[in-house]
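Reading through the structure tokens given below for one structure.
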Amino acid sequence: MLWSMSMRRWWPGTAQLLPRYYGCGLVIPECLLSCRILDLGCGSGRDCYLLSQLVGEQGHVTGIDMTEGQVEVAKKHIAYHMNKFGYRKPNVEFLHGYMEKLGDAGLADESYDIVISNCVINLTPDKKAVLQEAFRVLKPGGEMYFSDVYASQRLSETIRKHRVLWGECLAGALYWRDLYSITEEVGFSPPCLVTASPITIGDKELEGIIGDCRFVSATFRLFKVPGGSRAGPGQVIYNGGIMGHERELVFDANFTFKVQGVLQAVLVCRDGLTLMKQCHSGVSSVIWGTSFGQRGDDWEQRGCVNPGECKWAGKGYRSMHCIAVKIEAGHPWWLPKRV
């Protein structure tokens, strides 16, 4: 979702925000109403203000950035946007701090439903620390949905210290296989590739420096699966219950849920079947015969077969990890496909 001209006209208060925006377009998952969201590297707050409206007055958005000047610009527009949305009190806040040290900014364990990041993790030297902190602040069943730049191989010292390549967000790019190993070490589910677009250099001198290395801009989703969850292959049916995705739900680059169509070869978490919140009521698992209400504590009224089996029942977590998919072995990660 890009910042269109119609959005610019509708939101005149963003005149100061847009010139200071350095992201890659809005990067968000589905179903945000009433969620608590953390934006890593929020900059001047553009994405946070859009999210502020999407989560509604009962939701909350926190933006954190290491550049104090950007945070101050973001704070100046809180009153304007809350008035525009008709909110009685602010549902957004901005903090000055580092995404590798969220605890220093006062962010508690298991306090957010979703963590997003828009092309900024490549700028930090300790990417594992960022993912560890994101995992820590996410609730069980929570999701990290983020875009960034990745490389086809580990970068040489020459590339990593090149000022122009650093400014282009290439010198800090993570080798894509390292993302998989780091997320496993941290505790996340295997990364699900949502989209990927090759990056063209277009400069002979820079192409000579990077050699045969290739770069892509990619969006991944990671899930904090509750400990002790059981998983196995199964079938999932999508009933079209997610607003804006009534005919199909694109889960990632490999899997698209068609309405009433059966999707197989999916890694299904049995304990996660009752972790649905809000619009995820449109998904049901054939293998266990379970259907969902709009929140975790509604499911018993909707005919769950064995309500006593799941220890996460009634927690009201937002999650789609029960349909987290396994990336197909051997599939070129930079050439996303749909089924």
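What's the number of the condition Asp104 fails, among (1) outside any loop (DSSP other than H, G, I, E, B); (2) open to solvent by less than 80 Å² (accessible area, probe 1.4 Å)?
(2)
If you scan segment 50-97, which residues turn out to be open to solvent by 80 Å² or more (accessible area, probe 1.4 Å) and either touching an Asp or Glu at 6+ places or on another chain (Cβ under 7 Å) or of a type in the set (D, E, K, R) (or both)?
Residues satisfying the conditions are Glu68, Glu72, Lys75, Lys76, Lys84, Arg88, Lys89, His96.
Please work out if Leu95 is of a type in the set (A, V, I, L, M, F, W, C) and in a strand (DSSP E or B).
Considered against the rule, which asks whether it is of a type in the set (A, V, I, L, M, F, W, C) and in a strand (DSSP E or B), Leu95 comes out as yes.
Using beta carbons and a limit of 8 Å, which pairs, at least six apart or on different chains, have the first residue in segment 234-260 and at positive phi and open to solvent by 10 Å² or more (accessible area, probe 1.4 Å) and the second one among the aliphatic types (A, V, I, L, M) and at pLDDT 75 or above?
If the second residue must be among the aliphatic types (A, V, I, L, M) and at pLDDT 75 or above, the pairs left are Gly240/Val259.
Could you grab the pairs with beta carbons closer than 7 Å, sequence gap of 6+ or different chains, first residue in segment 53-76 and assigned by the TED database to the domain that holds Asp104, second one open to solvent by 70 Å² or more (accessible area, probe 1.4 Å) and among the polar types (S, T, N, Q)?
Val73/Gln16
The values are calculated or read from the model by the stated rules, or taken from the named source; none is laboratory data. Source: prediction; values computed, not measured. Here the Cβ is made from the backbone with ideal geometry for all residues, glycine too, and neighbour counts use every protein chain on show. Areas reflect the complete protein model, heavy atoms only, side chains present, ligands, DNA and RNA absent. Shrake-Rupley method; radii C 1.70, N 1.55, O 1.52, S 1.80 Å.
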